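The structure under discussion appears below in the form of structure tokens.
Where a number appears in this text, it was derived from the coordinates with a stated rule and is not lab data. Here the structure is a predicted model, which is why all the values come from computation and not from measurement. FYI the Cβ positions are ideal-geometry reconstructions off the backbone, even for glycines, and counts take in every protein chain you see.
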Amino acid sequence: MTTQKPLQTAKRPVNLDLSTIKQPLPALVSISHRITGVMLFVGLVFALWAFDASLSSERGFEAVRDALAHNFFAKLVAWGLLSALSLHFVAGIRHMAMDLHFADDREGGIRTSKIVIIASAVLILLAGVWVW
């Protein structure tokens, strides 16, 4: 019988203040892609409700159309869903391109992250003009 020594932990400093950690731009785009995916999943409830109500009857269609035309909260939800969809879509294309080994080095990751931010900002502004 041999006795094993317990594993020794490294005496490394631990930074528990997450606000001091500066994430690189590709990491922020990747995190944003995940967050917008969750937003789209949750927002799907509102979108499916509106779709069901608009197809249920003529009165339901008028109610959804009136809500999207005059209700601030409905416009905000619609704009939020379109914004999340635009960022998620553009970042998803970036991730698929990187899966195909296009711009998957450090410089390419930074460059495509900047493209994602600019393209998403343009699409979000266009969605805002369309909804409001």
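For a quick check, take a GNM of the chain with Cα springs below 10 Å and name the residue from Asp52, Asp17, Asp66 with the largest mean-square fluctuation.
Of Asp52, Asp17, Asp66, the most mobile in the Gaussian network model is Asp17.
At what distance in nm do the modelled label points of Ala47 and Trp130 sit from each other, each positioned 7 Å from its Cα along Cα→Cβ?
Result for the modelled spin labels: 1.2 nm.
At a Cα cut-off below 13 Å, give the aspartates and glutamates reachable from Lys75, other chains included and same-chain residues fewer than 8 away excluded.
Asp66
Given only helices, namely DSSP H runs of n ≥ 4 each adding -39500 (n - 2.57), what is the per-residue ellipticity at 222 nm of the chain, to the nearest 500 deg cm²/dmol?
Rounded to the nearest 500, it is -26500 deg cm²/dmol.
Calculated from the structure, semi-axes √(5λ) of the Cα gyration tensor in Å equals which of (i) 33, 14, 11; (ii) 42, 22, 15; (iii) 20, 16, 14?
(ii)
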